[in-house]
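Take a look at the structure set out below.
Laboratory data are not the source of any read-out in this text; all were calculated from the coordinates shown. Please read these numbers as outputs of a predicted model, since none were measured by experiment. Don't worry about glycine lacking a Cβ; one is built from the backbone with ideal geometry, like all the others, and counts go over all protein chains shown.
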Amino acid sequence: MVEAPAGVEGQGFFATSLDSVIGLARANSIWPLPFATSCCGIEFMATMASNYDLARFGSERLSFSPRQADLLMVMGTIAKKMAPVLKHVYEQMAEPRWVISVGACASSGGIFDTYSVLQGIDRVIPVDVYVPGCPPRPEQIIDGIMKIQELVKNESLRRRNQPEYKALLASYGIE
Amino acid sequence: MALTKEITLSRLQDKFGDAILSHDEPYGLLTIEVPADRNLDVIGFLKNESDLAFGYLTDLCAVHMPDQKGREIAVVYHLHSLTNNVRIRIKCWLPESNTEIASATGLYAGANWMERETYDFFGVRFLGHPNLKRILNVDHMEIFPMLKQYPLEDSSREDKDDRFFGR
């Protein structure tokens, strides 16, 4: 059970803002799209499995279609040749959408400081939460998901209309 | 009589004479050096002679030795005679100024992607290759990254302090 948002309660009614109700619903029903390219993806499998059980946070339904996904989870080394593919997947996701970068490679290139590897996915798409580690333990991935949940709860419902958000996407050349 | 390394070498020396520039057996692998413009003659002979039958191209790659002036890049062929279980390595040295060599795609279909990879990383141009373009790296890459004058690291990396990473 999640806690109810702040509001006015009385005999047989409860009044609160629509923003906080929808934020609550969104935060507890995130559909992740796993973009797993290496060992962080294996940690994610453990995170999804019964021991750590990401379903406790409402994310048991993985979406392998970007159209239906809310959260893009990038886990692993992204080669420069993969970068356009990753950007394409991000562009296909419908608003509202969030991105979590799991592990050192996705966040900064990690140990792969080399001509063929993208030095952090934030060079091609905007990132909401970075999870450090090589690879991070499932607890860390869950912590990242909970950070995403906080963002989702507290963001404006129409984030996509905000000038800062539009400017951010424009800086990445995303329509 | 079963084919051996010694027989293979003497057959090559009888056929090509001085074109077999040198021969050696590092770690037991028969290795010969031939001029770059004779590569297909030698490989074709090894493949097509019925007693030799080197029908399998195990590997094709290149080596960059920038200190050897005039012969900086070696194209290396590894052949395997499956019926005789004999292997041979053939090296062709090229000057850095002119890295052109005839393509082996006419002899081995498997040479196609290996030559593309060698072109991708060393810039060796295989004349007669049907589709010589990059295979592993991004198409817009401007360098041949395995040549030693190009740094291994990505120049756009920001989080590394040069004092600690020896750059």
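How would you rank A:91, A:139, going from fewest to most other Cβ atoms within 10 Å of each one's own Cβ? Show your work: numbers first, answer last.
Working: A:91 14, A:139 11.
With the fewest neighbours first, A:91, A:139 line up as A:139, A:91.
Could you run the Karplus curve 6.51 cos²θ - 1.76 cosθ + 1.60 with θ = phi - 60° over segment B:32-49 and give me ³J(HN,Hα) per residue in whole Hz, x for Gly and Pro?
Couplings: 10, 10, 10, x, 4, 7, 9, 4, 6, 4, 5, 5, x, 4, 4, 6, 8, 5 Hz.
Below 8 Å, C-alpha to C-alpha, sequence gap of six or more: please give me the relative contact order for chain A in percent.
Answer for chain A is 22 percent.
Can you list residues whose amide H is under 5 Å from residue A:71's amide H, if they're 5+ apart or on another chain and H is modeled 1.01 Å from N?
Result for residue A:71 returns A:31, A:33, A:98.
Chymotrypsin sites (Phe, Trp or Tyr not before Pro) within segment A:18-76: which are DSSP loop residues with at most 16 other Cβ atoms inside 10 Å? Walk me through the intermediate numbers first.
Details: sites: A:35, A:44, A:52, A:57, A:64; in loops: A:52, A:64.
Sparse-neighbourhood loop chymotrypsin sites (Phe, Trp or Tyr not before Pro): A:64.
Please list the non-local residues whose amide H lies under 5 Å from the amide H of residue B:62, H modeled 1.01 Å from N, same-chain partners needing a gap of 5 or more.
Those qualifying (amide H under 5 Å, at least 5 residues apart or on another chain) are B:76.
Suppose R0 equals 41 Å. What FRET efficiency, 1/(1 + (r/R0)^6) with r the Cβ-Cβ distance, do residue A:81 and residue B:9 give to the nearest 0.05?
Details: r = 42 Å, r/R0 = 1.04.
Efficiency, rounded to the nearest 0.05: 0.45.
By how many degrees, between 0 and 90 and to the nearest 10, does the Cα long axis of helix A:39-48 differ from the longest principal axis of chain A?
Once rounded, the angle reads 20 degrees.
Which whole-number percentage describes the relative contact order of segment A:31-107, with Cα contacts under 8 Å and a sequence gap of 6 or more?
Relative CO of segment A:31-107 lands at 38 percent.
Would you list B:143, B:43, B:20, A:121 from fewest to most Cβ contacts within 10 Å?
B:143, B:20, B:43, A:121
In nm, what is the difference between 0.36 nm times the number of residues separating residue B:80 and residue B:2 and their Cα-Cα distance?
Difference between extended and current length: 26.6 nm.
Only sites in a loop by DSSP and with at most 15 other Cβ atoms within 10 Å count here; which trypsin sites (Lys or Arg not before Pro) in segment B:81-126 make the cut?
Here no loop site has a sparse enough neighbourhood.
Output the antiparallel fraction of DSSP beta bridges having both residues in the protein assembly as shown, as a percent to the nearest 5.
Of those bridges, close to 55 percent are antiparallel.
Tell me which trypsin sites (Lys or Arg not before Pro) from segment A:129-175 have a DSSP coil assignment and no more than 16 other beta carbons within 10 Å of their own.
A:158
I'd like the antiparallel share, as a percent to the nearest 5, of DSSP beta bridges with both residues in chain B.
In chain B, DSSP labels about 75 percent of beta bridges as antiparallel.
In segment A:26-171, what % of DSSP beta bridges are antiparallel (nearest 5)?
5
Expressed as a whole number of Å, what is the distance separating the alpha-carbon centroids of segment A:95-131 and segment B:67-94?
41
Using modelled backbone amide H atoms (1.01 Å from N, in-plane), which distant-in-sequence or interchain residues come within less than 5 Å of residue B:102's amide H?
For residue B:102, the qualifying residues are B:127.
With a Förster radius of 30 Å, plug the Cβ-Cβ distance of residue A:25 and residue A:51 into 1/(1 + (r/R0)^6) and report the FRET value to the nearest 0.05.
0.65
Using 7 Å Cα-to-Cβ label points, what is the residue A:14/residue B:45 separation (nm, one decimal)?
8.9
Between rounded, prolate and oblate, where does segment A:26-171 land on the alpha carbon gyration tensor, with a ≥ b ≥ c its root eigenvalues, rounded for a/c under 1.5, else prolate if a/b exceeds b/c?
Oblate shape, in that a/c is at least 1.5 and b/c is the bigger or equal ratio.
Output ³J(HN,Hα) for segment A:95-104: one whole-Hz value per residue in order, computed from phi by the Karplus curve 6.51 cos²θ - 1.76 cosθ + 1.60 with θ = phi - 60°, and x for Gly and Pro.
After applying 6.51 cos²θ - 1.76 cosθ + 1.60, I find 5, x, 9, 10, 10, 10, 9, 9, x, 5 Hz.
If we count other beta carbons within 10 Å of each Cβ, what is the order of A:17, B:22, fewest first?
Details: A:17 12, B:22 9.
Result, fewest neighbours first: B:22, A:17.
Where nothing but the Cβ of Lys and Arg (+1) and of Asp and Glu (-1) is charged, how large is the charge dipole of segment B:5-152 around its Cα centre, in debye to the nearest 20? Could the numbers behind the result be given before it?
Numbers: 15 positive and 20 negative charges, 33 e Å.
Dipole of segment B:5-152, to the nearest 20 debye: 160 debye.
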